[in-house]
1. Going from most exposed to least, what order do B:I287, B:I75 have by accessible area with a 1.4 Å probe?
2. Would you tell me the accessible area of A:K8, worked out with a 1.4 angstrom probe on the heavy atoms of the protein chains, in Å² to the nearest 10?
3. In nm, what does the list of distances from B:R330 to its counterparts in the other copies look like, shortest first, when each label sits 7 Å along Cα to Cβ?
4. Among the GluC sites (Glu not before Pro) within the stretch B:279-338, which fall in a DSSP loop and have no more than 16 other Cβ atoms within 10 Å of their own Cβ?
5. What distance in nm separates the two pseudo spin-label positions at B:E302 and A:E16, each 7 Å out from Cα along the beta-carbon direction?
6. Only helical DSSP H runs with n ≥ 4 go in: add -39500 (n - 2.57) per run for chain B, normalise by residue count and round the 222 nm mean residue ellipticity to 500 deg cm²/dmol.
7. Dipole of chain B (Lys/Arg Cβ +1, Asp/Glu Cβ -1, origin at the Cα centre): which of B:I322, B:Y151, B:G234 lies farthest to the positive side?
8. Rolling a 1.4 angstrom probe over the protein chains, ignoring ligands and nucleic acids, what is the accessible area of B:S36 in square angstrom, nearest 10?
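The values are calculated or read from the model by the stated rules, or taken from the named source; none is laboratory data. As the structure is a computational prediction, the values presented were derived from the model and not from experiment. We place every Cβ from the backbone using ideal geometry, glycine too, and count neighbours over all the protein chains shown. Accessible surface is based on the protein model in full, side chains and every heavy atom, while ligands, DNA and RNA are left aside. Shrake-Rupley method; radii C 1.70, N 1.55, O 1.52, S 1.80 Å.
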2 protein chains.
Amino acid sequence: MGSTQKKKLTPFQHVEGVRKGHRASIAQTITLIESSAAKHFEDAQSVLEQLMPYTGKSVRIGITGVPGAGKSTLIEELGMQLCESGFKVAVLAVDPSSSVNRGSILGDKTRMGRLSKHPDAYVRPSPTGGNLGGVAKKTRETMLVCEAAGYDVIIIETVGVGQSELTVRSLVDFFMVLMLTGGGDELQGIKKGLMEIADAVFINKADGSNKQPAELAKAEYNRLLHFLQPASPGWETKAYTVSALTGEGMDNIWNVIQSFKQTMKGNGHFDQRRREQVSEWMERLMIDELTSSFYQNEQLQEHFAQNKKLVQDGEKPLRKAIQELMEEYRQIQQKKEK
Amino acid sequence: MGSTQKKKLTPFQHVEGVRKGHRASIAQTITLIESSAAKHFEDAQSVLEQLMPYTGKSVRIGITGVPGAGKSTLIEELGMQLCESGFKVAVLAVDPSSSVNRGSILGDKTRMGRLSKHPDAYVRPSPTGGNLGGVAKKTRETMLVCEAAGYDVIIIETVGVGQSELTVRSLVDFFMVLMLTGGGDELQGIKKGLMEIADAVFINKADGSNKQPAELAKAEYNRLLHFLQPASPGWETKAYTVSALTGEGMDNIWNVIQSFKQTMKGNGHFDQRRREQVSEWMERLMIDELTSSFYQNEQLQEHFAQNKKLVQDGEKPLRKAIQELMEEYRQIQQKKEK
């Protein structure tokens, strides 16, 4: 935020800089958008409004994977490969809390050292601070800024804490899960609902003595996926092996994505999903705002907690508690303005 | 509603009647609670408040299954078996909309003819009308009324349209899924997330020539369940075969439930889940009420739809639209009272 204030750009300058693809402008615009200061809100929205006509033209890819699955290395490899094929690639991250995963986030820029130096790539470390909702809200807008700046592949990664995969799924066209092979029974303990939202599962580190187990894991994943309804209508989610280290199977990632895009554009679900994502996003944000306007009030927050305990202990009926709290909320809203 | 008005009982009379286990009083009390008329709210909450100390002592069982899985027959068999062992059994239903499934709901009383005539059973058909949220809110309270009336096994069934299984899961201790065997590949097309919330899967109609395929299906389900995290900590979800027709495997249902209860009471998760359910329920209802206070206003509803289209068409930034709508909401709230 400090740097935004030092040499404050006008909305017009932000738009100009982003449209020209200036990295510094992109970074400053994202910082402006990420700011939670009320005074930046108008400018940020004005910039976004002017950028809107230039958005929507990228392929949006979501990637998740357990820590140690080799996400960063794979993204860097994929990104380099795409840049060398003439694409412009932006890498963003959704993390529920920078404090919990400080290492992995602050490390992004360093770890993707090669990619972040490439003239056709933009690697954005996660914003520091803010809860998942807050960060995710901004990630959507950050993605739009990158699109307006001419990036045609946007990769959004998450370490998969809490609900972050669902958040990323609601932002992207194609969602892939990166897995590792371990002992025998690796499918146990897969995070609930994760397979149901995947368009592809890539088993990484399929190299050396790990190649055989990875092939077996692939077969197991395919068996499981066969049981589940596909995440995207008309597209069959499958498992693949890959090695970011040797490069084997790396080409295939982009092939799968291309084939996915073609299928989904063909059956109309590509554009439909995007419209639905905006719709869901907006409904969720509306609910968030309404909920905040209640919980932001300390008195209401406290009374809610007290009432919850009473209901849990069987001392007050639930709906009665809710009605009283709503009444209090309305009274506070009125007082505030009189 | 008509009958409640005709011979209106006082809250005290409702409480007395329910506590004595009078069927007519139970029915009238539930009707009072289900009423959406504002004038019934105070009485209903007063009755519930007085009944609260007598609630919470039952085992709450949720059952879902595709139409044709033989849910009603199985519930009736299970209910009869329990009544004959000295239990008092109440059967409630959660249905997303009576208009869609009119047949199955209105048919309940007839279909469970034997059980509903049993002196120790109470079979409540779904309330007519109302959305899922509305009906579900009341189902929780209906369950409490039945508990206060001395029913020690509460069975809540759903046909599984929309999100109704999740709603039922959030109401009960033990959740079971009733399945059928068909051709070979029956596991495909299982509703998303359904297996993850089940404490047991029963494959019904395991009789005659269907017995062998049912055993095979059981093995397949067990394989799938093995992949997934269990719905209840410390409890392994498994598949079983059963025939409500021949009675084979029927005893086992209650054995599984007893064993589940013992395990969950032992590890403390039984009571913990109930407290969490109340907590989630209350948070969800609070959000519902806050959201309603927005969407109930026709002008806001209309402006929301208009803004959504603008955002979808890339003509307005999302957060700007939300901010304008919140501003309008606040102004309307103030005007209303001045």
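1. Working: B:I287 55, B:I75 0 Å².
From most accessible down to least: B:I287, B:I75.
2. That residue has around 130 Å² of solvent-accessible surface.
3. For B:R330, the inter-copy label distances come out at 2.0 nm.
4. Numbers: sites: B:E280, B:E283, B:E289, B:E298, B:E302, B:E315, B:E324, B:E327, B:E328, B:E337; in loops: B:E315.
Within the stretch B:279-338, the qualifying GluC sites (Glu not before Pro) (loop, at most 16 other Cβ atoms within 10 Å) are B:E315.
5. For the pair B:E302/A:E16, the computed spacing is 4.2 nm.
6. Values: 15 runs with 187 residues, N = 338.
Taking each H run of at least 4 residues, the total per residue is -17500 deg cm²/dmol.
7. B:Y151
8. 110 Å²
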